[in-house]
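*Asks:* Below are the structure tokens for one structure; questions will follow.
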């Protein structure tokens with residue numbers, strides 16, 4: 001096959017376009033984040049920290065979600081995994097920015113989490129029982145552990161992936177060996193951090209579905225993002241020659257599956273609370289189904305589940321680059337709405353949309369994208385020594 | 001006058017050759033032909049334009065029937081036949097219906113998928129003329145076959161045979177009824 005002689009390095013035209021995209025993303029990012037930071041003084045810290053937190057949870061999904069996909073493809077193999085390796089690695093290398101963006105949450109913890117206030121803890125017996133877990137020292141140590149673990153995994157996967165490119169035969173073993181344990185770590189870390197960073201905004205409320213919901217959501221965010229990137233890269237060499245409808249079809253199937261998993265987890269959580277009808281559990285949904293928040297929830301039922309589900313059932317649509325990209329982009333927008341709906345009502349009884357709920361997610365994602373586009377230019381777009389490369393290139397072609 | 005045949009069959013050694021042959025056969029205008037391979041070949045379905053069949057519609061209808069049935073089953077039991085007040089919950093407690101509605105959707109969709117597949121393939125089929133060609137047994141091992149059937153309006157015993165000969169075929173043989 002002639003494909004074996006393809007040069008996988010980033011071509012000049014793609015480099016130029018990525019650089020101009022990076023400049024634009026950086027401009028949007030700087031303006032958005034600067035405006036949001038200014039909002040802390042203009043509007044007040046409560047609005048600022050809440051907008052920052054839910055936007056941060058989105059960016060976190062963009063960073064560690066691709067790490068999950070990387071480990072999953074090392075554990076299972078498959079042509080779909082080889083084509084997304086480089087974009088997923090580039091996304092995971094933004095971890096430094098993701099750590100930097102966490103600082104305001106660390107600084108503003110007492111604005112976000114009621115359990116940081118001694119008076120609140122004393123007046124809530126259930127929270128008092130949780131104090132050994134929910135206190136600022138333990139919370140900060142745990143935050144450090146979550147992020148440190150991600151850093152280790154991301155460094156490991158990027159280092160050995162580069163070594164595999166240069167022909168180091170030990171690389172494959174190192175990459176696959178840590179995939180299983182790494183996935184377990186990620187599942188546990190995301191479960192705990194979702195409780196620490198999002199759920200503990202109301203320390204009296206609890207749901208055992210919460211962690212799973214975040215794991216599925218981050219994987220969905222990541223695969224939707226990777227689809228949009230792959231469709232963009234497909235316009236340029238070498239991906240124009242490498243990528244086939246069949247690769248996209250596989251990623252589309254994952255998207256459909258995760259849209260269903262998201263709906264399943266979201267609904268299970270609701271059903272358990274609704275059927276149990278316990279006074280300590282129902283306030284979460286009472287607030288989110290009324291006071292204007294209900295409309296946002298209804299939007300999620302249709303926009304985050306019904307519409308993408310019905311569309312993604314179609315085989316032709318999953319093989320149509322542009323349509324699949326549009327749906328993936330729409331799902332990413334819905335991911336924002338979902339995080340907004342899950343976390344914002346913790347602080348506001350009635351529907352409340354601050355202008356910082358626009359500038360924070362847009363700005364943070366802008367900064368993140370600028371970093372991502374920089375990372376994407378650093379390495380060849382395909383892993384040249386991946387043992388599945390040949391199979392990947394033949395995937396969806398004549399034998 | 002020779003005895004009528006089921007069709008003319010060509011044998012290929014590689015999946016690539018079969019896919020190219022299938023494309024050529026479609027281009028030539030043949031409609032009634034089929035290909036036989038030891039493993040699924042995605043490109044072959046593309047070449048034969050086989051992706052659009054009635055199965056998705058059957059599965060969709062099965063799923064819709066299952067969902068409707070599941071929901072109504074619970075509605076009739078809890079609202080109409082046995083309206084029991086349980087801890088003040090409304091009789092029409094739709095959230096708790098969802099799981100069984102979902103399960104029955106999946107159940108009937110999958111049964112329609114299996115049943116629909118059998119029906120569309122004409123299974124069970126205890127006799128098929130292609131097995132009259134002794135080498136056809138290799139279709140489940142390492143050979144790839146394409147058979148143009150005599151019911152095709154363009155079918156002509158000699159010309160169709162010559163056409164298949166021209167397509168990198170290893171061997172071309174007539175298939176008796």
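*Asks:* Quick check: is even one residue across the range A:320-341 surrounded by 15 or more Cβ atoms within 10 Å (Cβ to Cβ) and within 14 Å of chain B (Cβ to nearest Cβ)?
*Replies:* Yes, some residue in the range A:320-341 is surrounded by 15 or more Cβ atoms within 10 Å (Cβ to Cβ) and within 14 Å of chain B (Cβ to nearest Cβ).
*Asks:* What do you reckon, is residue B:73 under 29 Å from residue A:247 (Cβ atoms), more than 11 Å from chain A (Cβ to nearest Cβ) and without any contact (Cβ under 8 Å) to a residue 60 or more places away in the chain?
*Replies:* No, not satisfied.
*Asks:* Name, by its number, the condition in (1) within 23 Å of the chain's Cα centre (by Cα); (2) outside any loop (DSSP other than H, G, I, E, B); (3) farther than 15 Å from residue A:55 by Cα that does not hold for residue A:393.
*Replies:* It is condition (1) that residue A:393 fails.
*Asks:* For the range B:1-38, which residues satisfy the criterion of being in contact with a helix residue (DSSP H, G or I) (Cβ under 6 Å, 6 or more places away or on another chain), within 22 Å of residue B:153 (Cα to Cα) and touching a residue at least 40 places away in the same chain (Cβ under 8 Å)?
*Replies:* Those that are in contact with a helix residue (DSSP H, G or I) (Cβ under 6 Å, 6 or more places away or on another chain), within 22 Å of residue B:153 (Cα to Cα) and touching a residue at least 40 places away in the same chain (Cβ under 8 Å): B:6, B:8, B:10, B:22, B:33, B:35, B:36.
Let's see how each residue does on (1) more than 30 Å from residue A:83 (Cβ to Cβ); (2) part of a helix (DSSP H, G or I):
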{"site": "A:10", "(1), (2)": "no, no"}
{"site": "A:18", "(1), (2)": "no, yes"}
{"site": "A:26", "(1), (2)": "no, yes"}
{"site": "A:47", "(1), (2)": "yes, yes"}
{"site": "A:65", "(1), (2)": "no, yes"}
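*Asks:* Please verify whether residue B:155 is under 20 Å from the mean Cα position of the chain (by Cα) and either modelled with pLDDT of 85 or more or assigned by TED's automatic domain parsing to the domain that holds residue B:17 (or both), treating the condition exactly as stated.
*Replies:* Here the answer is no, as residue B:155 does not meet what is asked.
*Asks:* Could you tell me whether residue B:59 is surrounded by 15 or more Cβ atoms within 10 Å (Cβ to Cβ), within 11 Å of chain A (Cβ to nearest Cβ) and over 26 Å from residue B:151 (Cβ atoms)?
*Replies:* Judged against the criteria, residue B:59 is a match.
*Asks:* OK, next. Do you know which of the residues in the range B:21-38 that are surrounded by 16 or more Cβ atoms within 10 Å (Cβ to Cβ) and assigned to a loop (DSSP other than H, G, I, E, B) is nearest to the other protein chains (Cβ to nearest Cβ)?
*Replies:* Result: B:37.
*Asks:* Would you mind telling me which numbered condition in (1) more than 18 Å from the chain's Cα centre (by Cα); (2) touching a residue at least 60 places away in the same chain (Cβ under 8 Å); (3) within 23 Å of residue B:40 (Cα to Cα) residue B:174 fails?
*Replies:* For residue B:174, the exception is condition (3).
*Asks:* Is it the case that the range A:250-259 has a residue that's within 11 Å of chain B (Cβ to nearest Cβ), out of contact with any strand residue (DSSP E or B) (no Cβ under 7 Å at 6 or more places or on another chain) and part of a helix (DSSP H, G or I)?
*Replies:* So in the range A:250-259, the residues within 11 Å of chain B (Cβ to nearest Cβ) come out as none.
No: zero hits.
*Asks:* Of all residues in the range A:188-233 being more than 30 Å from residue A:285 (Cβ to Cβ) and surrounded by 20 or more Cβ atoms within 10 Å (Cβ to Cβ), which is nearest to the chain's Cα centre (by Cα)?
*Replies:* Among those that are more than 30 Å from residue A:285 (Cβ to Cβ) and surrounded by 20 or more Cβ atoms within 10 Å (Cβ to Cβ), it is A:226.
*Asks:* Checking the structure you have, find out if any residue of the range A:384-399 is touching a residue at least 12 places away in the same chain (Cβ under 8 Å), within 14 Å of chain B (Cβ to nearest Cβ) and out of contact with any helix residue (DSSP H, G or I) (no Cβ under 8 Å at 6 or more places or on another chain).
*Replies:* Checked the range A:384-399: at least one residue is touching a residue at least 12 places away in the same chain (Cβ under 8 Å), within 14 Å of chain B (Cβ to nearest Cβ) and out of contact with any helix residue (DSSP H, G or I) (no Cβ under 8 Å at 6 or more places or on another chain).
*Asks:* Okay, moving on. If you scan the range A:234-249, which residues turn out to be over 20 Å from the mean Cα position of the chain (by Cα), within 14 Å of another protein chain (Cβ to nearest Cβ) and in a helix (DSSP H, G or I)? Give the steps one after another, and end with the answer.
*Replies:* Initial filter on the range A:234-249 (over 20 Å from the mean Cα position of the chain (by Cα)): A:234-247, A:249.
Those still in the list that are within 14 Å of another protein chain (Cβ to nearest Cβ) too: A:244-247, A:249.
Within the range A:234-249, A:245, A:246, A:247, A:249 qualify.
*Asks:* Still on this model: Is it the case, given these coordinates, that residue A:199 is touching a helix residue (DSSP H, G or I) at 6+ places or on another chain (Cβ under 9 Å) and modelled with pLDDT of 90 or more?
*Replies:* yes
*Asks:* Which count do you get for residues in the range A:346-377 that are in a loop (DSSP other than H, G, I, E, B) and over 18 Å from residue A:201 (Cβ atoms)?
*Replies:* So the answer is 2.
*Asks:* Can I ask one more? Step by step: first the residues of the range B:39-56, then only those that are assigned to a helix (DSSP H, G or I) and without any contact (Cβ under 8 Å) to a residue 24 or more places away in the chain, then the one that is farthest from the other protein chains (Cβ to nearest Cβ). Which residue is that?
*Replies:* To start, the set of residues in the range B:39-56 that are assigned to a helix (DSSP H, G or I) comprises B:42-47, B:55-56.
This time we only want the ones that are without any contact (Cβ under 8 Å) to a residue 24 or more places away in the chain, so: B:42, B:45-46, B:56.
Values: B:42: 7, B:45: 11, B:46: 9, B:56: 8 Å.
Once the filter is applied, the top-ranked residue is B:45.
*Asks:* Another question, then. For the subset of the range B:107-142 comprising residues that are surrounded by 15 or more Cβ atoms within 10 Å (Cβ to Cβ) and within 14 Å of chain A (Cβ to nearest Cβ), which member is nearest to residue A:273 (Cα to Cα)?
*Replies:* B:109
*Asks:* Please go through the range A:323-345 and pick out each residue that is under 22 Å from residue A:42 (Cα atoms) and either part of a loop (DSSP other than H, G, I, E, B) or more than 16 Å from the chain's Cα centre (by Cα) (or both).
*Replies:* Across the range A:323-345, the qualifying residues are A:344, A:345.
*Asks:* Another question, then. Suppose we keep only residues that are within 12 Å of another protein chain (Cβ to nearest Cβ) and either more than 24 Å from residue A:247 (Cα to Cα) or surrounded by 18 or more Cβ atoms within 10 Å (Cβ to Cβ) (or both) within the range B:1-15. Which one would you say is nearest to the chain's Cα centre (by Cα)?
*Replies:* Looking at residues that are within 12 Å of another protein chain (Cβ to nearest Cβ) and either more than 24 Å from residue A:247 (Cα to Cα) or surrounded by 18 or more Cβ atoms within 10 Å (Cβ to Cβ) (or both), I get B:15.
*Asks:* Let me ask you something else. Could you list, in sequence order, all residues of the range A:268-281 that are modelled with pLDDT under 90 and either more than 11 Å from every other protein chain (Cβ to nearest Cβ) or outside any helix (DSSP H, G or I) (or both)?
*Replies:* Matches in the range A:268-281: A:277, A:278, A:279, A:280, A:281.
*Asks:* Continuing with the same structure: Here are the criteria: (1) within 14 Å of another protein chain (Cβ to nearest Cβ); (2) surrounded by 15 or more Cβ atoms within 10 Å (Cβ to Cβ). Tell me which single one residue B:104 does not satisfy.
*Replies:* Looking at each condition in turn, residue B:104 falls short on (1).
*Asks:* Additional query: Can you tell me how many residues within the range A:287-302 are within 14 Å of chain B (Cβ to nearest Cβ) and assigned to a helix (DSSP H, G or I)?
*Replies:* Total meeting the criteria: 2.
*Asks:* Continuing with the same structure: crowded, with 18+ Cβ neighbours inside 10 Å and at negative phi: does that describe residue B:18?
*Replies:* When the stated conditions are applied, residue B:18 passes them.
*Asks:* In addition: Out of the residues in the range A:103-120 meeting the condition of being outside any helix (DSSP H, G or I) and surrounded by 13 or more Cβ atoms within 10 Å (Cβ to Cβ), tell me which one is modelled with the lowest pLDDT.
*Replies:* Restricting attention to the range A:103-120, the residues satisfying the condition of being outside any helix (DSSP H, G or I) are A:108, A:113, A:117.
Next, from what is left, pick out any that are surrounded by 13 or more Cβ atoms within 10 Å (Cβ to Cβ): A:108, A:113.
Working: A:108: 87, A:113: 91.
For the range A:103-120, the residue satisfying everything is A:108.
*Asks:* Any residue in the range A:127-136 that is out of contact with any helix residue (DSSP H, G or I) (no Cβ under 7 Å at 6 or more places or on another chain) and in a helix (DSSP H, G or I)?
*Replies:* The answer is yes; a qualifying residue exists.
*Asks:* Also, quick follow-up: Run down B:83, B:90, B:95 and say which single residue is more than 12 Å from chain A (Cβ to nearest Cβ) and out of contact with any strand residue (DSSP E or B) (no Cβ under 8 Å at 6 or more places or on another chain).
*Replies:* It is B:83.
The values are calculated or read from the model by the stated rules, or taken from the named source; none is laboratory data. Just so it is clear, the structure is predicted and the values come from calculations on it, not from any experiment. Positions of Cβ are generated from backbone atoms using ideal geometry, with glycine treated the same way; all protein chains shown enter the neighbour counts.
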